[in-house]
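Chemist: Quick one: this structure, given as structure tokens, is what I'll be asking you about.
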Amino acid sequence: MNATSAATASAVTFVWLGMVLAISFLEAPLKFRAPGVTVPIGLGIGRIVFRALNAVESALAVVVVAAVALGGGTPGVTVLTAAVAVVLLVQLAVVRPRLGRRSDRVLAGEDLPRSRGHLWYVALEFLKAAALIALGVALLTV
């Protein structure tokens, strides 16, 4: 893999990882601990924040995929890049729409138990974070 593509993909991967860690594992759970933040308010904030995060993640994924493709990524880097992209795609195309419909119901006043969809999203965030770490390290060693 050429050095410029590897450096670009590595930098973008670690920026992406930082965003996932900061939003998904810090901001998201902490907002519900703030005084006066109800579940509907937290959901409303979360929808806005995750919509923005996912838009930025999509752009970052395009940059990483392009850098790896244009730079002649090694098989390991290519597999990790594909894995991260697939996890993001599953989150955006499968899990997020279900969570959106559910949060619409909660915001409309329905009292619902904790969602399994939310647990799937969190599990995929852990998987994505692990794949981003592995990808970033792999890119640093090419």
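Chemist: Using 0.36 nm times the number of residues separating Thr38 and Arg101, minus their current alpha carbon distance, what extension gain do you get?
Modeler: Between Thr38 and Arg101, full extension yields an extra 20.8 nm.
Chemist: Moving to a separate point now. How big is the chain on each of its three principal axes, counting only the C-alpha atoms and giving the largest first in Å?
Modeler: That gives 54, 28, 20 Å along the principal axes, largest extent first.
Chemist: Within region 51-135, list the GluC sites (Glu not before Pro) lying in a DSSP loop whose Cβ has at most 14 other Cβ atoms in a 10 Å radius.
Modeler: Qualifying residues, ordered by number: Glu110.
Chemist: Also: How big is the Kirkwood radius of region 18-86, worked out from every pair of different alpha carbons and given in Å to one decimal?
Modeler: In region 18-86 this quantity evaluates to 13.9 Å.
Chemist: Follow-up. What FRET efficiency do you get for Val90 and Ala3 if R0 is 22 Å and r is their Cβ-Cβ distance, rounded to the nearest 0.05?
Modeler: E between Val90 and Ala3, to the nearest 0.05, is 0.10.
Chemist: Moving on. What are the ³J(HN,Hα) values, in whole Hz, obtained from phi via the Karplus relation 6.51 cos²θ - 1.76 cosθ + 1.60 with θ = phi - 60°, for each residue of region 50-58 in sequence order, with x given for Gly and Pro?
Modeler: Going residue by residue, I get 6, 4, 5, 4, 5, 5, 5, 4, 4 Hz, with x marking Gly and Pro.
Chemist: Could I ask something else about it? Run the quick spin-label model on Arg114 and Leu140: label points 7 Å from Cα toward the beta carbon, then report their separation in nm to one decimal.
Modeler: The two pseudo-label positions are separated by 3.4 nm.
Chemist: Please compute the modelled spin-label separation between Arg51 and Thr74, points set 7 Å along Cα→Cβ, answer in nm with one decimal.
Modeler: Reported label-point gap for Thr74 and Arg51 is 4.1 nm.
Chemist: Okay, next question. Counting Lys and Arg as +1 and Asp and Glu as -1, each charge on the Cβ, what is the dipole of the chain about the Cα centre in debye, to the nearest 20?
Modeler: Its charge dipole is roughly 380 debye.
Chemist: 222 nm [θ] for the chain, helices only, -39500 (n - 2.57) per DSSP H run of 4+, per residue, to 500?
Modeler: -26500 deg cm²/dmol
Chemist: Still on this structure, please answer the following. Of all trypsin sites (Lys or Arg not before Pro) in region 1-49, which ones are in loop regions per DSSP and have a Cβ with at most 15 other Cβ atoms within 10 Å?
Modeler: Here the sparse-neighbourhood loop sites are Arg33.
Chemist: Along the charge dipole of region 1-126, which of Thr78, Trp120, Val63 sits closest to the positive end, that is, farthest toward it, with unit charges on the beta carbon of Lys, Arg, Asp and Glu (+1, +1, -1, -1)?
Modeler: The Cα lying farthest towards the positive end belongs to Trp120.
Chemist: Say we join alpha carbon atoms closer than 10 Å with springs in a Gaussian network model of the chain; which of Thr38, Thr13, Thr74 then has the biggest fluctuation?
Modeler: Thr38
Chemist: Can you pull the one-decimal nm distance between simple spin-label points at Ala66 and Met19, each 7 Å off the Cα toward Cβ?
Modeler: Simple spin-label model gives 1.4 nm for this pair.
Chemist: Between region 110-142 and region 35-49, what's the alpha-carbon centroid distance in Å?
Modeler: If you average the Cα positions of each part, the centres end up 21 Å apart.
Chemist: Here's a follow-up. Take every Cα pair under 8 Å in the chain that's 6+ residues apart, average their separations, divide by the length, and report that relative contact order as a whole percent.
Modeler: 45
Chemist: Would you kindly derive the ³J(HN,Hα) couplings of region 126-134 from the backbone phi angles with the Karplus curve 6.51 cos²θ - 1.76 cosθ + 1.60 (θ = phi - 60°), listing them in order in whole Hz, with x for Gly and Pro?
Modeler: So the Karplus estimates, Gly and Pro as x, are 4, 4, 5, 4, 5, 5, 5, 4, 4 Hz.
Chemist: For the chain, modelled as a Gaussian network with Cα springs under 10 Å, which listed residue fluctuates most, Ser115, Ser58, Ser24?
Modeler: In the Gaussian network model the winner is Ser115.
Chemist: Moving on to the next point. Putting +1 on Lys and Arg Cβ atoms and -1 on Asp and Glu Cβ atoms, find which of Ala130, Gly36, Ile23 reaches farthest to the positive end of the dipole of the chain.
Modeler: Gly36
Chemist: If you build a Gaussian network model of the chain, linking Cα atoms that sit under 10 Å apart, which residue out of Ala82, Ala52, Ala67 swings the most?
Modeler: The residue with the greatest mean-square fluctuation here is Ala52.
Taken together, the values in this text are just the output of simple stated rules run on the coordinates, not laboratory data. Here the structure is a predicted model, which means the values were calculated and not measured. Cβ atoms come from the backbone with ideal geometry, glycine included; neighbour counts cover every protein chain shown.
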